[in-house]
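Only the coordinates and a few stated rules stand behind these numbers; no lab work does. Note that the structure is a prediction, hence the values are computed from the model and not measured. Here the Cβ is made from the backbone with ideal geometry for all residues, glycine too, and neighbour counts use every protein chain on show.
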Amino acid sequence: MSTRLTPRTVFLLTLPPLLWAGNSIVGRLVHDQLPPVLLNLLRWVIAFALLWPLAGPVFRREAGLWRYWKHYALLGLFGIGLYNTLQYMALQTSTPINVTLVASGMPVWMMLTGWLFFGVPVSRRQVAGAVLSIAGVLLVLARGEWRHVLELRLVAGDLFMILATIAWSFYSWLLMRVREPAALRADWAGFLLAQVAFGVLCSGGFALGEQALGAAPVQWSWTLAAALLYVAVGPAVIAFRCWGEGVQAAGPSIGAFFVNLTPLFTAVLSSAFLGEAPHGYHAAAFALIVAGIVVSARR
């Protein structure tokens, strides 16, 4: 049987992992210049400012948004407030590779969340696809030699990434709970802006708590400004727009397997910054991850 994946859906689900890989590297580069929770808040404030000219009218009474504000509040909490805050907190003490390793458990958490909280059954194909996909991630982290897997060590920050992955699972399943009018959902900018608005409120509360606990002062620079612009435009606006449409087309369980492309992209980008050429095991890992996607997506 053919899969539910079309070339357009594959593109929509592949671009976010590439942008998120860059997000992990940038988040690690500026981790000592800006507190993590404040970084997330500023990122989404910029995204809000970029989206407002495109979709400001979504907040008008006649737009119908306020009838479904609880739904958007949950999307903003899980997808923008919790997930991104926890990810930047993880990057304070963990490396981009380790963070993306922990996130490679996304298919498992996505299946468990769907099964436990949304009544979605888990198939044997999805389990087999998860095994193949995670094997590809481990191959990258082991640098082509499985004995290196035993040398990996998780740090405290990795716990934050586990919590972030669970939050993202809830966010992705909530995207499938269509309650608002089709016209409101079809307006991608308005749909995203509504989430960002509630996410900024949540992130603002988290940032106030961070400051109350004595966060380090911000070290402003042009590098930091460029980093903020990147994480606001690429991993935020563009990636969330693509992920939302891709998940609605293919489903959260299949979309979760595409998240496992993030460690592969992270390794390639890290190699590029270090001036190292990609290796053969990168291609082998890519084949395993794609095999996991194909196996899980087939009917």
Pseudo-spin-label distance LEU29 to ALA186, built 7 Å along Cα→Cβ, given in nm, is 4.0 nm
Pairwise FRET efficiency - PHE117 versus PHE11, Cβ, R0 = 35 Å, nearest 0.05: 0.75
Answer with one residue from ALA55, ILE238, PHE286: the one whose Cα lies farthest towards the positive end of the charge dipole of the chain, charges on Cβ with Lys, Arg +1 and Asp, Glu -1. ALA55
Suppose every Lys and Arg Cβ carries +1 and every Asp and Glu Cβ carries -1, with no other charges. What dipole size does the chain come out with about its Cα centre, to the nearest 20 debye? 900 debye
So how much slack lies between ALA212 and ARG67, counting 0.36 nm per residue of separation and subtracting their Cα-Cα distance, in nm? 48.8 nm
Give me the percent relative contact order of the chain, please, defined on Cα pairs under 8 angstrom at least 6 residues apart. 42 percent
Charges at C-beta only: +1 for Lys and Arg, -1 for Asp and Glu. How large is the resulting dipole of the stretch 1-79 about its Cα centre, in Debye rounded to 20? 300 debye
Using the Karplus curve 6.51 cos²θ - 1.76 cosθ + 1.60 with θ = phi - 60°, what ³J(HN,Hα) values do you get for each residue of the stretch 204-221, in whole Hz, with x for Gly and Pro? x, x, 4, 5, 4, x, 4, 5, 5, 7, x, 5, 5, x, 6, 9, 5, 6
Could you check which residue among VAL26, VAL99, VAL37 shows the biggest mean-square fluctuation in a GNM of the chain with a 10 Å Cα cutoff? VAL26
Derived scalar couplings ³J(HN,Hα) [the stretch 64-78; Karplus, 6.51 cos²θ - 1.76 cosθ + 1.60; whole Hz; x for Gly, Pro]: x, 5, 5, 5, 10, 5, 5, 4, 5, 5, 5, 4, x, 5, 6
Of the trypsin sites (Lys or Arg not before Pro) in the stretch 1-75, which ones lie in a loop per DSSP and count no more than 11 other C-beta atoms within 10 Å? ARG60
Scan the chain and hand back the longest stretch that contains none of the GluC sites (Glu not before Pro) lying in DSSP loops with at most 13 other Cβ atoms within 10 Å. 1-144
Out of VAL268, VAL137, VAL120, a Gaussian network model of the chain with alpha-carbon springs under 10 Å gives the largest mean-square fluctuation to VAL120
What FRET efficiency do you get for TYR230 and ARG124 if R0 is 41 Å and r is their Cβ-Cβ distance, rounded to the nearest 0.05? 0.50
How far, in nm, would the chain grow between VAL45 and SER221 when pulled straight, counting 0.36 nm per residue and subtracting the alpha carbon separation? 61.5 nm
Choose one of TRP168, ALA103, VAL268: the residue whose Cα lies farthest towards the positive end of the charge dipole of the chain (beta-carbon charges +1 Lys, Arg; -1 Asp, Glu; about the Cα centre). TRP168
Of ALA227, ALA236, ALA272, the one that fluctuates the most in a GNM where the chain has Cα springs shorter than 10 Å: ALA272
For the stretch 58-134 and the stretch 208-283, what is the separation of their Cα centres, given in Å? 14 Å
